[in-house]
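Each remark here refers to the structure printed beneath this line.
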Amino acid sequence: MRNRMNIIKWPLRNLPARHFSTTARCGQAAEPGIDIGSNKVGLGCPIHGHRARSTHAAIDTSVFENVAPSVKSWEEVPGPKPLPLLGNTWRFIPYIGGYSVEHVDKVCLSLREQYGNCVKMAGLLGRPDMLFVFDAWEVERVFRGEDVAPHRPSMPSLNYYKHTLRRDFFGAEDNCAGVIAVHGEAWSAFRTKVSKVALSAGAAAEYTVPVAQVADAFVNRIRKIRNEKQETPDDFLNEVHKWSLESLGLVALDTRLGCFEASEGSESQRLIDAVNTFFLCVGELELRAPWWRIYPTAMFKRYVAALDTILSVTLNHVERALEETRKANSSKSLLQDLVAAAGARVAAVAALDMFLVGIDTTSNAVASTLYQLSLRPNVQEKLYKEITGVLQGRPMKPGDVNQMPYLRACIKEVLRMYPVVIGNGRQLTKDTVICGYNIPKGTQVIFQHYVMGNTEEYFTKASEFCPERWIQRTAGQNHHPFASLPFGFGKRMCLGRRFAELEIHTVICKMVQAFKMEYHHQPLEYHVHPMYTPNGPIRLKLIER
């Protein structure tokens, strides 16, 4: 029975703290020298009470004598009840159900308010059962205790593309399917090949100057296309997408794609169109009923054609990088380093994965940050003083962003309050106890960072925009590092994090340096499409400094 465990469980709340080893483990989310918060008890979570900083805690087993089991079954997890045949899928049907894919943020807020910190969503058509977790202490415990090859919830449409439709390419070599929609040994082996290059010390810093040049080109582009009111056009987000694609092309394909002046029919324009089509389709295919599994819908055909184009263009650039490496007999870029270290196919698949997950996330983070800054002139001015104080009128160079703590803090604060990906996920590879319930293997667990990041329990004055909370923390201030994880955590943390942060920091720096930004229209609501982003035209008034 999947709702029962054949091992003894105990309520950790009842254990004396002295029996635990409190040696801290270093993780990407916990910053050195920072007290990450006092011991809190989450809502409705019966196994809290002591925060074990290590998953390898030394425990005096004598304390377990006469302790009764307290783990509850999967069937006892609270949540909306599925209907016969229809399950819970009907709740997402427009005008019938009360849930909306575009407003999953509000759905999750209501789920936590109604059911508590652990909510089951079962009976979803074509999908595994889901568990929403709103408890940062449990998020930390699960992340720190996961195995060497954790599974993320699959993207079924991309999984089908890689492992069925284009199996001849992605399966031609062992462990060469990438890191997106791949799990287990194949994922681990591929990540190891790529991480040696992508996560090496100074890999991103080497791109500071060319990334800054792309940011300068973006600023000049926006300067030219402002309207008579000095406002950005209604399709401003599309311009930010072009900047993101141009920046990522520089890193992943070792070339300037010319996105700001791409002509119809050019390779760059084909890539731009394919990436736009992919993002237009992926939200519909992944978040709605998967009819494409029954028959190839028109949207699914467009999706496959877009992926084929991205892969084809990527392969062309990899071949060029391979030729350059042979001629120079040395590596000069990330792409050339990948080709030299792991081969052309690995480099091509890595570039493809970077395009699939790196463009929309980065561009929406930038658009959201610019919008939020435009609402806060005092924050802008403080940021401008920091930037001008560091740069002193000269071009950017490696290490400059490290001297701009307020810039980094502003972006962290935006991503806390408005995370572009509102939740991290895992697909359990074994039965796991979460919030006192036995959650069965195969369940998709969603750690809802939007809700946690905006909760007083984890961030003091959570509704206030306060970048200073990331710079200096005072005693008694709530600040849980696992409540806000925009790049994930652990072995499944974003491989391109350093490059994404470099790109975001640089373009925000350049925009603040060039303009005072204002917003004079109705406030924008955020929605999921498929990133969490302002819903509506971002018409910023840009005043030359």
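The values are calculated or read from the model by the stated rules, or taken from the named source; none is laboratory data. Just so we're clear, the structure is a prediction, and the values are computed from it rather than from any experiment. So basically every Cβ, Gly included, is an ideal-geometry build from the backbone, and we count neighbours across all protein chains shown. Remember, those area values only see protein heavy atoms, side chains included, never the ligands or the DNA or RNA. Shrake-Rupley method; radii C 1.70, N 1.55, O 1.52, S 1.80 Å.
Observations on the model:
- Residue match in the stretch 497-512 (condition: at negative phi and free of Cβ contacts under 8 Å to residues at least 40 places away in the same chain): yes
- Residue match in the stretch 447-464 (condition: open to solvent by 20 Å² or more (accessible area, probe 1.4 Å), within 16 Å of residue 142 (Cβ to Cβ), assigned by TED's automatic domain parsing to the domain that holds residue 114 and in a strand (DSSP E or B)): no
- Residue pairs whose Cβ atoms lie under 6 Å apart, separated by 6 or more positions or on different chains, with the first residue in the stretch 257-275 and in a loop (DSSP other than H, G, I, E, B) and the second surrounded by fewer than 20 Cβ atoms within 10 Å (Cβ to Cβ) and not aromatic (Phe, Trp, Tyr), are 262/269.
- Selection from the stretch 491-528 of residues that are under 16 Å from the mean Cα position of the chain (by Cα) and either of a type in the set (D, E, K, R) or not assigned by TED's automatic domain parsing to the domain that holds residue 408 (or both): 491, 492, 497, 498, 501, 503
- Inter-residue pairs, beta-carbon under 7 Å, first assigned by TED's automatic domain parsing to the domain that holds residue 336 and at negative phi and in the stretch 224-251, second in a helix (DSSP H, G or I) and among the acidic types (Asp, Glu), 6+ apart: 247/503
- Per-region count, the stretch 160-175, residues closer than 14 Å to residue 300 by Cβ, free of Cβ contacts under 8 Å to residues at least 12 places away in the same chain and open to solvent by less than 60 Å² (accessible area, probe 1.4 Å): 0
- In the stretch 404-434, residue farthest from residue 460 (Cα to Cα) [restricted to those that are touching a Gly at 6+ places or on another chain (Cβ under 7 Å) and surrounded by 23 or more Cβ atoms within 10 Å (Cβ to Cβ)]: 424
- Count - residues of the stretch 218-252 that are under 20 Å from residue 518 (Cβ atoms), acidic (Asp, Glu) and open to solvent by less than 30 Å² (accessible area, probe 1.4 Å): 2
- Filtering 90, 74 for residues that are at pLDDT 90 or above, of a type in the set (Phe, Trp, Tyr) and at negative phi leaves a single hit, 74.
- Residue match in the stretch 402-417 (condition: more than 24 Å from the chain's Cα centre (by Cα) and of a type outside the set (Phe, Trp, Tyr)): yes
- Applying the condition of being of a type in the set (S, T, N, Q) and surrounded by fewer than 18 Cβ atoms within 10 Å (Cβ to Cβ) to the stretch 516-537 and asking which residue is nearest to residue 379 (Cα to Cα) yields 522.
- Restricting attention to the stretch 220-237 and to residues that are in a helix (DSSP H, G or I) and in contact with a strand residue (DSSP E or B) (Cβ under 8 Å, 6 or more places away or on another chain), the residue that is farthest from residue 368 (Cα to Cα) turns out to be 223.
- Note on the stretch 435-446: residues that are within 14 Å of residue 138 (Cα to Cα) and over 22 Å from the mean Cα position of the chain (by Cα) total 5.
- From 109, 124, residue being assigned by TED's automatic domain parsing to the domain that holds residue 434 and under 30 Å from residue 293 (Cα atoms): 124
- Test result for residue 121, of a type in the set (A, V, I, L, M, F, W, C), in contact (Cβ under 8 Å) with a residue 12 or more places away in the chain and open to solvent by 20 Å² or more (accessible area, probe 1.4 Å): no
- Residue within the stretch 521-530 that is farther than 28 Å from residue 284 by Cα and of a type in the set (Asp, Glu) present: no
- Every residue from the stretch 496-515 that is buried (at least 23 other Cβ atoms within 10 Å of the Cβ) and farther than 19 Å from residue 395 by Cβ: 496, 499, 500
- Residue that is closer than 29 Å to residue 122 by Cα, in contact with a Leu (Cβ under 9 Å, 6 or more places away or on another chain) and assigned to a loop (DSSP other than H, G, I, E, B), where the choices are 441, 430: 441
- First in the stretch 277-298 and farther than 20 Å from residue 527 by Cβ, second anywhere and open to solvent by less than 30 Å² (accessible area, probe 1.4 Å), Cβ under 7 Å, 6 or more apart: 277/306; 290/156; 291/297; 292/157; 292/285; 292/300
- Per the listing 390, 379, 313, the residue uniquely assigned by TED's automatic domain parsing to the domain that holds residue 237, open to solvent by less than 10 Å² (accessible area, probe 1.4 Å), assigned to a helix (DSSP H, G or I) and of a type in the set (Val, Ile, Thr) is 313.
- Meets criteria (more than 22 Å from the chain's Cα centre (by Cα), buried (at least 17 other Cβ atoms within 10 Å of the Cβ) and not aliphatic (A, V, I, L, M)) for residue 190: no
- Flag: residue 468 matches the condition of being under 30 Å from residue 142 (Cα atoms), open to solvent by 10 Å² or more (accessible area, probe 1.4 Å) and acidic (Asp, Glu).
- Pairing residues of the stretch 188-201 that are assigned by TED's automatic domain parsing to the domain that holds residue 252 with residues that are basic (Lys, Arg) and open to solvent by less than 20 Å² (accessible area, probe 1.4 Å), at Cβ distances under 9 Å and at least 6 apart in sequence or on separate chains, gives no pairs at all.
- Residue list for the stretch 191-219, filter: not polar (S, T, N, Q) and not in a helix (DSSP H, G or I): 199, 201, 202, 203, 204
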